[in-house]
Amino acid sequence: MTSERTPGPQVGRSPPRREARAKLSGRAPYVHDLVLPGMLHGKLARSTRPHARIRRIDTAAARAIEGVHAVLTGDDIRQLIPQPYHGPAFHDQPILALDKVRYAGEPLALVLASDPHVAQTAARLIEAEYEELPAVYDEVEAMRSSAIVHDVLKPAGTFPDLKHLAGKRDTNVALDFHLRRGNAARAFEHAEHVFEHTFKTQQVLHLPLEPFVSVADPGERQLTLHTASQSPSFVRIEIARLLGWPENRVRVQVPFLGGGFGAKVYVKLEALVAAAALIVRRPVKVALTMEEQFYTLTKHAATLRIKSAVDAEGRISARECEVWWNGGAYADIGPRITQKSGFTAPGPYDIEHVSIDSYALYTNLPPAGALRGFGIPQLVWAYESHADMIARALSIDPLAFRRKNLLREGRAQATGTLMRDAALDTVLERLAQRMRWDEPFERGSGSVRRGRGIGIGFKASISPTTSVAIVSVSADGSCHLLCSTVDMGQGSDTAMAQIAAEVLGIAAEDITVVHPDTDVTPFDMATLGSRSTYHMGNAVKRAAEDARDRLFALAAELGLAPETTPIPEIFRRKYGMQAGNVVGQGSFVPSYIPTDHASGQSSDVTPFWMVGATGVEIEVDTETGQVKVTRLVNLADAGRTVNPAIVDTQLSGAAIMQLGFTLFEQIEFRSGQVANASLADYKIPGMHDLPPLIENEAVTAHEHGGPFGAKGVGESGTFAVSPAIANAIEDAVGVRVTALPITAEAVYRALRASRGEPLAQ
Amino acid sequence: MTPFELIEPRTLDEALRLLDPADPGVRPAGGCTALMLMMKAGMLVPTRLVSLRRIEPRYRDIVASDDAITIGANASLASIEHSARVRDELPALARTLRTLANVRVRNVATLGGNLAHADPHMDLPPLLAALDASVQVQGRGSSRYASIEQLISGYYETTLAGDELIVAVRIPKRAARGCAYRKVTTRSADDWPALGIAVALEREGERVRAARVVLGAAVDRPTRLLAAEAALQGTRLDETSARRAADAAADEARPSEDARGSAAYKRELIRVHVRRTLLEAWCDEPVGAVRQ
């Protein structure tokens, strides 16, 4: 509480994360901790088949277990919700499997009991009779496979560019995005050099340390959901739609999240607990185990073919990209990833002739969705590996090749949208300086060889999306900030408080940030795609300005000096005592022009561009193929940084996550079954895997449309890590790996093959 | 996890009486670090756990005599790691423990539990086998000794009867013995090893008098690589002889394929890391090594 009006600038300083103490002392509340009176625990029985018609689900043995309150299947859900399908792009995902299962691990039945152990024991007794169907797992095969995952396509209707797919049969293509600029075909005919390479990425997992969890509490008039969600507003709208209720009868509350990374967006367990709670008229909690995360949402595996025409001087004149995204059994946000990442598939280069085809595909694997980069890390893996392969073939330095082709400020990008406030050149030059690229490099000796590599990527923000914020000033001058941005570990509470405080002229520490509660906090599209700092930041700034303007107007009305009168004095003069509120409101939705379906062209595809670059120094053990990253340098354009310390940790956190995706993380499938669904068998980087030297830098920059010049940064650190490492490996030992993950064995096999002594399988 | 009965007897005799070889639901429990994971995963559903943590404190002692170091089965891995005796006389054991799991696990996991678990990915069984350790096994009114190879009979399998408990591990002292263990991980640093290689070399002047080379993790139980051992016998250990022994090891080993690597790749890793471990063991200089 304060009436201090001049605490100094709030944006650009690094107050500690406001939740840090509560989290470190174990006092921060999470949904996993929540217990409600009379609450039942739900445990799922899951499909054992990747693709099959369900003949019968046998729940008798489960029902016979003492303490089991109810067992629900898709048919029970259909009694309550006649069309129990959800999804942000397609209404394709049933709450519990109906008629058929489309991946091994798909939820089949829910057992409810007061004791979770009883529910778990009973869930293991549920069996189904199946009629097996042919299955498809590979994204390229899915284009032509006779195995069809969904009999008919059901676009949700929210995205105009999916409407042409409504009712389409006998296809696994959930979206095709095409972009044509210039005449690529003709440019290839006249090209000096043509390079074509194909790259692969693997399925990996978000793996937040807090697994998915939701609780539904059916009240007299309202259904309340307590859920670990990145998108409370979307959940409210989607649950209301499923139930045929008005939005205000569904209330969604979200405390802190133990990580999200794109997994906890849209509807995950919320429809299931909502339906179950309404059927049994008791609160229902479903908390997944770590293992069950492997059956909920993954990151798209992709196959990427990229072809470039390059002239004698090393300028890229044409580029053709074909990308196949393995979306798994349900589309989730995959079609959006296919389209939005398609915008930037040719990379941050100034290329006259461009042709892009990007396909979202259904397969019989667990669904894939957004994961810290929205498809961009997959694309950068391809185009930045490709860049070094071209540069090497033409004996051009990789940095010089990039400088020669870089997309400069004011130039039109492949979609036709002009580059504005995208510090690609500054980021590349600062990376080169930090890497001391023009200085000699120690190459190692014996069985330890050293190399270095760089990569740079960029991203168009998901658009158009809406954020609304409310700032409420109390009579003593203290403030509440109401917004539905979810602080899932990225520090948004702290940053939003700084933005509001900057406007109001108070200290950020004196603002209380109210966590998402759809009865209280206003609409926000979701916390995803690094959109919050820019979109919600703008809404918060406007709400704070509105509150400030109202305070000033009130002061003027009372004959007080608006700028200098302490806030409590204004309220005392108005209400005669410490009483009242001043409430400011702000909303933000950027401009957007949809791309033309045939050409993919638009003059306004994004409100802002994100830029991320990484340089690495590595050591390769030539006897084992083991790669050790000894130095990791991450550069980004985050506009003006709201909280430099948080930006720094966002960059290193993202880069370390991508380091795991690059070197060893991989969900392994055998005939559609996950073979390593545990933290013992799916490894993520630990402290001992961190490079000894990690440097992060947000370059000096300003985003014209951002709050105080700021923009998002949560994903930028992931963009270029993978190709930088692959490029450094070639620099060190002369072999090229084109599929992720780059395991020690993959490098060793490449080394053996390059010596003409390939290792047997 | 399904609820279960937990009993904490105060004596070893009482613990032995509480075990029931006829009932697979009754299990002894040490530090519970592996047991709890198996129970959470539903792989093991015991009805009764007989915890050994409150039995007589002497089963945690680390005792040195003229010819051996004897470690009580209830000793925590951390207490072994920090024991001055172990550090001085078996530095390779102390070094190995520093990268075994993590400090939270080492603080509660016990030596006896580690061996009885018989997970092939464990670091200690191959190392203790290389050190020629013997395991003291107590039954109701009976006591026997077993080598590590006799104790661990397969993948998560031991020769322990349902009413037998490991009470101590005896590691014989040897003159001029150098020892080293290498945990080889191929994914994250804290992954289960793709292979574990333990080497103990007894010197006679500049030559190898006796060698023990034991492979773990890549095979279903700690396995001595006898051809490699034979190749080392009587040699002067240098890059060439180490390479020859490592080639013999790679030829005789039968590694299995898993997520950590193909069999062919693991064979190459064995070739590289047996050589490196041999050279490391040759330079290992225990403090206060006894002269026989």
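The values are calculated or read from the model by the stated rules, or taken from the named source; none is laboratory data. Worth saying up front: this structure is predicted, and the values here are computed from it rather than measured. Methodologically, a virtual Cβ is constructed for each residue, glycine included, from the backbone with ideal geometry; neighbour enumeration extends over all protein chains shown.
Listing for the model above:
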| quantity | calculated |
| --- | --- |
| Any hit, the stretch B:228-240, residues being under 27 Å from B:L115 (Cα atoms) and either within 14 Å of chain A (Cβ to nearest Cβ) or within 22 Å of the chain's Cα centre (by Cα) (or both) | yes |
| Residue match in the stretch A:648-667 (condition: within 14 Å of another protein chain (Cβ to nearest Cβ), among the aliphatic types (A, V, I, L, M), under 21 Å from the mean Cα position of the chain (by Cα) and part of a loop (DSSP other than H, G, I, E, B)) | yes |
| Only one of A:E745, A:E715 that is touching a strand residue (DSSP E or B) at 6+ places or on another chain (Cβ under 8 Å) and within 8 Å of chain B (Cβ to nearest Cβ) | A:E745 |
| Number of the exception - B:S83 against (1) crowded, with 20+ Cβ neighbours inside 10 Å; (2) under 25 Å from A:Q120 (Cβ atoms); (3) without any contact (Cβ under 8 Å) to a residue 24 or more places away in the chain | (2) |
| Single residue of A:Q673, A:Q585, A:Q601 found to be closer than 30 Å to A:V136 by Cβ, surrounded by fewer than 19 Cβ atoms within 10 Å (Cβ to Cβ), over 23 Å from the mean Cα position of the chain (by Cα) and modelled with pLDDT of 95 or more | A:Q673 |
| Any hit, the stretch A:114-133, residues being in a strand (DSSP E or B), touching a residue at least 12 places away in the same chain (Cβ under 8 Å), within 26 Å of the chain's Cα centre (by Cα) and away from chain B (no Cβ under 14 Å) | no |
| Residue, farthest from the other protein chains (Cβ to nearest Cβ), within the stretch B:52-61, restricted to residues that are touching a residue at least 24 places away in the same chain (Cβ under 8 Å) and surrounded by fewer than 18 Cβ atoms within 10 Å (Cβ to Cβ) | B:E56 |
| Residue match in the stretch A:69-79 (condition: at pLDDT 95 or above, assigned to a loop (DSSP other than H, G, I, E, B) and surrounded by fewer than 23 Cβ atoms within 10 Å (Cβ to Cβ)) | no |
| Tally, over the stretch A:730-742, of residues that are more than 14 Å from chain B (Cβ to nearest Cβ), hydrophobic (A, V, I, L, M, F, W, C) and closer than 15 Å to A:I618 by Cβ | 4 |
| Test: residue in the stretch B:242-265 that is among the aromatic types (F, W, Y) and assigned to a strand (DSSP E or B) | no |
| Qualifying residue in the stretch A:616-626 (condition: surrounded by fewer than 22 Cβ atoms within 10 Å (Cβ to Cβ), within 14 Å of chain B (Cβ to nearest Cβ) and assigned to a strand (DSSP E or B)) | yes |
| Conditions (1) part of a loop (DSSP other than H, G, I, E, B); (2) in contact (Cβ under 8 Å) with a residue 60 or more places away in the chain: number failed by A:T171 | (2) |
| Residue that is nearest to the other protein chains (Cβ to nearest Cβ), among those in the stretch B:3-22 that are over 19 Å from B:E164 (Cβ atoms), touching a strand residue (DSSP E or B) at 6+ places or on another chain (Cβ under 7 Å) and in a loop (DSSP other than H, G, I, E, B) | B:F4 |
| Hits in the stretch A:149-160 (condition: farther than 15 Å from A:A360 by Cβ, part of a loop (DSSP other than H, G, I, E, B) and not acidic (D, E)) | A:G157, A:T158 |
| Options B:R98, B:R104, B:R48, B:R85: the member that is touching a Phe, Trp or Tyr at 6+ places or on another chain (Cβ under 7 Å) and among the charged types (D, E, K, R) | B:R48 |
| From B:R244, B:R212, B:R275, B:R271, residue being more than 30 Å from A:I667 (Cβ to Cβ), over 20 Å from the mean Cα position of the chain (by Cα), away from chain A (no Cβ under 13 Å) and of a type in the set (K, R) | B:R244 |
| Tally of residues being more than 14 Å from chain A (Cβ to nearest Cβ) and either in contact with a Leu (Cβ under 6 Å, 6 or more places away or on another chain) or modelled with pLDDT under 95 (or both) across the stretch B:174-199 | 8 |
| Strands (runs of 3 or more DSSP E) (entirely within the stretch B:147-203) containing at least 3 residues that are in contact with a Gly (Cβ under 9 Å, 6 or more places away or on another chain) and buried (at least 18 other Cβ atoms within 10 Å of the Cβ) | B:165-172, B:177-184 |
| Output for the stretch A:681-712, where each listed residue is surrounded by fewer than 24 Cβ atoms within 10 Å (Cβ to Cβ), assigned to a loop (DSSP other than H, G, I, E, B) and within 14 Å of another protein chain (Cβ to nearest Cβ) | A:D681, A:I684, A:P685, A:G686, A:L690, A:P691, A:P692 |
| Selected residue [touching a residue at least 60 places away in the same chain (Cβ under 8 Å), in a helix (DSSP H, G or I) and surrounded by fewer than 24 Cβ atoms within 10 Å (Cβ to Cβ)] from A:R550, A:R573, A:R542 | A:R542 |
| Subset of the stretch B:23-43 [in a loop (DSSP other than H, G, I, E, B), within 14 Å of chain A (Cβ to nearest Cβ) and within 25 Å of the chain's Cα centre (by Cα)] | B:A41, B:M43 |
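Quick grid of which residues meet (1) touching a strand residue (DSSP E or B) at 6+ places or on another chain (Cβ under 8 Å); (2) touching a residue at least 12 places away in the same chain (Cβ under 8 Å); (3) surrounded by fewer than 24 Cβ atoms within 10 Å (Cβ to Cβ); (4) among the polar types (S, T, N, Q):
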residue	(1), (2), (3), (4)
A:R180	yes, yes, yes, no
A:E189	no, no, yes, no
A:H197	yes, yes, yes, no
A:L207	no, yes, yes, no
A:V213	yes, yes, no, no
A:E220	no, no, yes, no
A:L223	yes, yes, yes, no
A:A228	yes, yes, no, no
A:I237	no, no, yes, no
